[in-house]
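Throughout, read-outs are computed from the coordinates displayed, never taken from laboratory work. From a predicted model like this one, the values you see are computed outputs, not experimental measurements.
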Amino acid sequence: MIPLQSGLVNREEAFDQVREALHRFEFALGGNWDYDHGYFDRYLDEAHKVWLRIPFQVTHGALDGDTEATDAIIRLGEPFVLKHLYNEGLDREAQVNTLGALVNQFQEPVDKDAAVEDKWVQQAKRLLTEVEHSMK
């Protein structure tokens, strides 16, 4: 994980406005959001292994990321770049389980915090600069 300095840090705004602004840059609400915090994620590579992530905390209201609108106000945190390395191919130790297949479809990353090459850090910085300028 590589932290990035940003003018977005500690910025407080309505969740809906931030989500809309970031959506224009192909950011999505990460799947591990909760009522009081979450992440906006944007892949940097075609294999979706390298990500620019912008964390946030809910400061007012309640977050329900599955709805069209929410009253949540969020404070943005320090963006960072991360890389997940996954096993390629079949998981030889997987067990067939109908219920499990509905819930657990994907392998765990081999390395959730793999080393990030400089080209991805530079690409993330350029994208972050574009985002910052658009949100002024």
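Tell me, Kirkwood radius of the stretch 11-67 from alpha-carbon pair distances, in Å?
11.9 Å
Lysines within cross-link reach of Lys119: Cα-Cα under 19 Å, excluding same-chain residues under 8 positions apart?
Lys49, Lys83
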